[in-house]
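Structure, as structure tokens:
Laboratory data are not the source of any read-out in this text; all were calculated from the coordinates shown. What you see is a predicted model, and the numbers here were worked out from it, not measured in a lab. Please note: Cβ atoms are built from the backbone with ideal geometry, for glycine as well, and neighbour counts cover all protein chains shown.
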Amino acid sequence: MEYFIYSRVDGVLDVGALGEACGLSSADVGAAVLSLSGHGLVALGGASASPQRPRERHEHSPDSTQTPDPAPTPAHTTVHTKPPPPGTSRALYDPAELEEEDVALDAERRRQVLDTFYRLEELDHYALLEVERDAEKRQIRDAYFALAKVFHPDTRFGKELGSYKSKMEVVFKYITDAYEVLSKKKPRREYDAYLGFKSETEGAQRQMEVAQGKAEAIERGEELPPSDPPPEPAPPRAPAPAHHKPDARARKAYMARQIAAATGRGGKGSSRPPRKAQSSVPPTASKAQRLKGLRRSLRGAAALRGATDDIKARQLEAAAEAESRKDWVGMANALRLALAADPNDAELLERHASIKKRVAKQLADSYEQQARYEEDHTNWQAAARSWKRVAAGREGDYRPLVSAARALLTAKTELHEARDLAQEAKGLAPKKIAPLIALAEIYIQIDLKKNARRELLAAQKLDPKSEIVKNLLRTLKG
């Protein structure tokens, strides 16, 4: 339950709102928040910002196991994650890691190591060094040396560090890489351009996720506000994708179902099937009552139809405005909402599909720039993800599929997916040798030599002079 509550903390909701979002009482959430605070995972805002924290186990004081019960957390107290700022994703770790025995690090430094280690993949170089985007070279250097004092294992030379030693080594390597990039003009310029491409693609993805959530709300019969605010401009640093939040009532019901599924405490009827539409009057009612109920049902249907017609009209107007600005993401999102209001409009369906393809094609260029930067910096798994998104925006093009397969092959991970990507590329371009060579190399890696030989012989028929094919065939013989 604490894990679930922690996953909903966004730095905005207070204890009472968290209870509503999770389908729990404020008392239960308050107790869980105090426990999370004791592990150093959250901090409380407002007047109640300093709840009593349980003592660390390594403090062997006589009364360390006898702590008074903390006072209840007020429902209006805001809860923040610690240390990740609101809006970032949170990679959780088992709080028991904080209690590892025989580790010569104090509690605060343990938290700093774990919090940083489990967030490495979501932190850009600036966030990792804790400097602003316009930081000068001297500020970057000072930040690097300050962090080195925390994360370099040699600062505790000769001391027992347990599992923290390897984590500190990984974090220090990331910090060093960030310093090497940001302390030099050309690498920093290239990195800033890379962040710009990431900001564009992640911002577009975030907007589409929000639009999809709103469309699903419309399809459930929940009316949107009279006017939607324009999307906020993308921030200079690419944040983690935001999650759509439905209205409070729907969110509460959803969270309650999630807790019931996770804890097995849903009880009888916790997974009820959808309710069937009920008649306004019992079957034994008089003719006058039945007519009255029918009129009431017709009025309700007319009101609902009027609401969806209004949504459709407003979203079509928003789509036209976005088109005038050449904002294809905004246009696609508006058309998705209009389609949710009228899913039977075939012309609208075709128009939305066309714009979605245009958006995917537009984003493919940015994803390609990301992929090439990630390849240049040997971040092969990230490069594979970017190349797959390029392929999604360039239907019929086999080349990004081959690049994605090669990235996974180089990373030596998810080789079965790499094989599937190469096979898909082969299907798109049966007379090109690049997919065949990639497929053969993958088969060699997973020790399917007969399969590899088959692909190489097919490639040799297409290009008998290919030195790559000849070398791979010699490798198989050897």
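Structure summary
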{"item": "Counted charge near Ala438, where neighbours are those whose Cβ lies closer than 12 Å (Asp, Glu -1; Lys, Arg +1)", "result": "+1"}
{"item": "Estimated inter-spin distance, Asp94 and Glu317, nm [label 7 Å along Cα→Cβ]", "result": "5.7 nm"}
{"item": "Among Leu456, Leu415, Ile437 the positive-end extreme of the charge dipole of segment 394-477 (Cβ point charges)", "result": "Leu456"}
{"item": "Segment 394-477: relative contact order as a whole-number percent, Cα under 8 Å and 6+ apart", "result": "23 percent"}
{"item": "Paired Rg and Dmax values of segment 394-477, which use every Cα atom, in angstrom", "result": "11.8, 38"}
{"item": "Projected label distance in nm at Asp134 and Lys470, using a 7 Å step from Cα toward the beta-carbon", "result": "5.9 nm"}
{"item": "Magnitude of the charge dipole, segment 394-477, Cβ model with Lys/Arg +1 and Asp/Glu -1, debye to 20", "result": "500 debye"}
{"item": "Estimated FRET transfer efficiency when R0 is 45 angstrom, pair Glu190-Thr413 (beta carbons, to 0.05)", "result": "0.95"}
{"item": "Local electrostatic count at Ser26 - Lys and Arg +1, Asp and Glu -1, tallied over other residues with Cβ under 12 Å", "result": "-3"}
{"item": "Per-residue ³J(HN,Hα) for segment 377-393, Karplus 6.51 cos²θ - 1.76 cosθ + 1.60, θ = phi - 60°, Hz, x for Gly and Pro", "result": "10, 6, 8, 6, 5, 5, 4, 4, 4, 5, 5, 5, 6, 4, 4, 5, x"}
{"item": "Cβ-defined net charge surrounding Ala320, 14 Å radius [Lys, Arg +1; Asp, Glu -1]", "result": "+1"}
{"item": "Set Lys198/Lys431; Lys173/Lys426; Lys186/Lys357; Lys412/Lys461; Lys412/Lys470; Lys137/Lys159 screened for pairs whose C-alpha atoms are more than 30 Å apart", "result": "Lys198/Lys431; Lys173/Lys426; Lys186/Lys357; Lys137/Lys159"}
{"item": "Under 5 Å, built H, 5+ apart or other chain: amide partners of Val42", "result": "Ser37, Lys82"}
{"item": "Segment Asp177-Ala104, length gained on full extension (0.36 nm per residue, minus Cα span)", "result": "23.6 nm"}
{"item": "Estimated FRET transfer efficiency when R0 is 25 angstrom, pair Lys431-Arg372 (beta carbons, to 0.05)", "result": "0.45"}
